[in-house]
Amino acid sequence: MKRILGYFLRGLVLTVPLVVTVWVCYSVFQKVDGWLGISIPGVGFVTTLLLITFIGILGSSLLTRSAVGYLEDLLNRLPFVRLLYTSTKDLLSAFVGEKKRFGQPAMVSLGADGNIKLLGFLTQASADRLGVDKSVVVYVPHSYAWSGQLLVVPSTLVTLLHTDSAEFMAFTVSGGVTEFPELRP
């Protein structure tokens with residue numbers, strides 16, 4: 001009976017992530033296809049990807065850069081819109097932009113003895129603009145959530161970890177369940 005339960009749990013671990021992934025992808029395809037009024041599954045999604053890529057090409061062109069700058073200036077003048085636009089842009093840029101903000105994994109020692117540590121990402125190498133000398137800014141993501149904490153800590157309590165930042169993010173967001181990424185010297 002114990003062996004059958006083990007097989008069932010193993011099957012659960014293999015089946016549930018696959019079903020959830022397929023269901024989410026199918027739902028996204030259906031939703032995008034519905035927005036565009038296309039009845040062929042996936043065509044709306046592919047069309048959206050092509051449209052976003054085309055906008056990226058236009059945004060990279062010298063001719064349209066000034067128009068993009070003008071649009072951003074306009075959006076930055078509107079109080080609520082500015083908050084929404086800049087927050088969304090900064091969040092996306094942190095993960096996929098030219099200047100990835102979560103590129104430096106770090107470990108923060110809590111307390112003087114340093115026995116308890118937090119894992120996060122160095123986002124600012126200096127907190128001088130905040131009026132805090134010899135300190136850095138570290139973002140500590142919460143596990144299984146799209147949230148985290150922003151810490152201003154003395155630089156002496158921060159150890160930079162030389163590892164792949166994407167694998168490190170997966171490790172921290174999974175609550176340490178995934179394999180810890182290999183550290184480079």
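With neighbour counts taken as other beta-carbon atoms within 10 Å, the residues 129, 65 rank, fewest first, as 129, 65.
By the count of other C-beta atoms within 10 Å, a proxy for reagent exposure, 1, 107, 169 are ordered fewest to most as 1, 107, 169. What helices does the chain have that are whole DSSP H segments, at least 20 Å long along their own axis by Cα, and with mean Kyte-Doolittle hydropathy of 1.0 or more? The answer, listed by residue number, is 2-36, 43-60.
Rg and Dmax of region 105-173, both derived from C-alpha coordinates alone, stand at 11.9, 33 Å.
Need one word for the chain: rounded, prolate or oblate. Basis is the Cα gyration tensor (sqrt eigenvalues a ≥ b ≥ c); a/c below 1.5 gives rounded, then a/b vs b/c decides. Here the chain falls in the oblate category.
Within the shell of other residues whose beta carbon sits under 15 angstrom from the beta carbon of residue 25, the net charge comes to 0, with Lys and Arg scored +1 and Asp and Glu -1. Entry note, region 105-173: relative contact order of 32 percent, from Cα contacts under 8 Å with a spacing of 6+ residues.
Full extension of the chain between residue 68 and residue 117 gives 13.4 nm of extra length, using 0.36 nm per residue less the Cα-Cα distance.
Only the coordinates and a few stated rules stand behind these numbers; no lab work does. This structure is a prediction, so every number in the text was calculated from the model and none was measured. Methodologically, a virtual Cβ is constructed for each residue, glycine included, from the backbone with ideal geometry; neighbour enumeration extends over all protein chains shown.
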